[in-house]
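Undergrad: Please read through the structure below; I'll follow up with questions.
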């Protein structure tokens, strides 16, 4: 197809661009706010029901097991039947899981709630695929950046809400998350335009339909990216699964140990940094620096932050180390996810994002258990040092596995 045909195909697609993705931003932001409410609450909520650090890790692992099973299925179904239909089903599962969690009076029901939510998970990966499908290859990084920014918005507002609502009872934040989940379902139905997988714009890259096994074997560069994402997801899951209990054991605020409120503000701070990074720095960084260098530096920054957690004991230093970890996390996740999307044909976006989520789940099965065992035995320094080592390995692998390419702004 020539340049003229491509231009014509672009003109035939109404609403392409940032404005067309505003409904996606709203849906993902509302969804992420509900998840953000649960993040700081779950460790302490479960602990009050008798969970040990290891069982808290197991709660995260069982959710990851269910994601591992459901991820590829959700992705392939979204390729076949459309993103919006699958997104609604996924959101309904999240809503049911939140309602059951709010009503849980025992750890058994908490585990059941996480299993239901995990088996129907896929909200974010399907939304990423929707954004990729409704953007041109040249603007796909910005489109995925917009959905990541929506996640950042949710992770800014959600934890702050959790910290405020916990004063009204342990279940108040969970009911709020369930209400937001219901709003996200209605927003998906009312705001997202029906998609028709068989009629994408001509300029978007499509491939014939070979067997799934053949397709997966041919994705050589994508597998390199997925390898790096596994390392990222593993260390990130180690961090997120036990950071609440780590801070509660090592730091205090106003004379009492860190709890849901303080952890909520920490996650809100992370959400704020995510918005700043996605809004102002991701695009600019790619004009000046290659993806390989961005990911390498991101992993290195995370490693320095984890090392700081092992040796620091003051709140002022804690803020510095957490900032390094959060910024490194944002750059690594956004860059690797966008590069993964660009490495795959448009009609395989659901499959590759579903596979990405399943590998994330696989890494998230063992990482919380390892984290829980270390924190449960009060090996706080070992926990932080282990993550520093893994992040250093990620930096070294990024130098070897990522293709070198000149930044977009290079002469």
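Undergrad: Would you confirm, using the coordinates I've provided, whether residue 171 is at negative phi, at pLDDT below 85 and either more than 25 Å from the chain's Cα centre (by Cα) or surrounded by fewer than 20 Cβ atoms within 10 Å (Cβ to Cβ) (or both)?
TA: Judged against the criteria, residue 171 is not a match.
Undergrad: Quick one: residue 328 ticks every box in (1) assigned to a helix (DSSP H, G or I); (2) over 19 Å from the mean Cα position of the chain (by Cα) bar one, so which box is it?
TA: (2)
Undergrad: In addition: Determine which member of the set 318, 263, 245, 287 is over 22 Å from the mean Cα position of the chain (by Cα), under 27 Å from residue 33 (Cβ atoms), in contact (Cβ under 8 Å) with a residue 60 or more places away in the chain and assigned to a helix (DSSP H, G or I).
TA: Testing whether each residue is over 22 Å from the mean Cα position of the chain (by Cα), under 27 Å from residue 33 (Cβ atoms), in contact (Cβ under 8 Å) with a residue 60 or more places away in the chain and assigned to a helix (DSSP H, G or I) leaves just 318.
Undergrad: Mind counting the residues in the stretch 367-398 that are touching a residue at least 40 places away in the same chain (Cβ under 8 Å) and not in a helix (DSSP H, G or I)?
TA: Number of matching residues: 1.
Undergrad: While we're here: Could you please find all residues in the stretch 87-101 being under 18 Å from the mean Cα position of the chain (by Cα) and in contact (Cβ under 8 Å) with a residue 60 or more places away in the chain?
TA: 87, 91, 94 - these are the residues of the stretch 87-101 that are under 18 Å from the mean Cα position of the chain (by Cα) and in contact (Cβ under 8 Å) with a residue 60 or more places away in the chain.
Undergrad: Among the residues of the stretch 353-371, is there at least one that is surrounded by fewer than 24 Cβ atoms within 10 Å (Cβ to Cβ), on the phi > 0 side of the Ramachandran plot and out of contact with any strand residue (DSSP E or B) (no Cβ under 8 Å at 6 or more places or on another chain)?
TA: No, there is no match, as no residue in the stretch 353-371 is surrounded by fewer than 24 Cβ atoms within 10 Å (Cβ to Cβ), on the phi > 0 side of the Ramachandran plot and out of contact with any strand residue (DSSP E or B) (no Cβ under 8 Å at 6 or more places or on another chain).
Undergrad: Related question: Within the group 56, 115, 92, which residue is buried (at least 23 other Cβ atoms within 10 Å of the Cβ) and under 22 Å from residue 37 (Cβ atoms)?
TA: Step by step, each of 56, 115, 92 is checked, and only 56 is buried (at least 23 other Cβ atoms within 10 Å of the Cβ) and under 22 Å from residue 37 (Cβ atoms).
Undergrad: Let me ask something additional. Considering 59, 68, which residue is assigned to a helix (DSSP H, G or I) and modelled with pLDDT of 80 or more?
TA: That would be 59, the only listed residue that is assigned to a helix (DSSP H, G or I) and modelled with pLDDT of 80 or more.
Undergrad: Given the structure, is residue 301 within 21 Å of residue 367 (Cα to Cα), over 15 Å from the mean Cα position of the chain (by Cα) and in a helix (DSSP H, G or I)?
TA: Answer is yes for this residue.
Residue-wise test of (1) under 25 Å from residue 259 (Cα atoms); (2) at pLDDT below 85; (3) touching a helix residue (DSSP H, G or I) at 6+ places or on another chain (Cβ under 8 Å); (4) part of a helix (DSSP H, G or I).
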residue: 156; (1), (2), (3), (4): yes, yes, yes, yes
residue: 177; (1), (2), (3), (4): yes, no, yes, yes
residue: 186; (1), (2), (3), (4): no, no, no, yes
residue: 206; (1), (2), (3), (4): no, yes, yes, no
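The values are calculated or read from the model by the stated rules, or taken from the named source; none is laboratory data. What you are looking at is a predicted structure, and each value in this text was computed from that prediction instead of being measured. Note: ideal-geometry Cβ built from the backbone for every residue, glycine included; neighbour counts use all protein chains shown.
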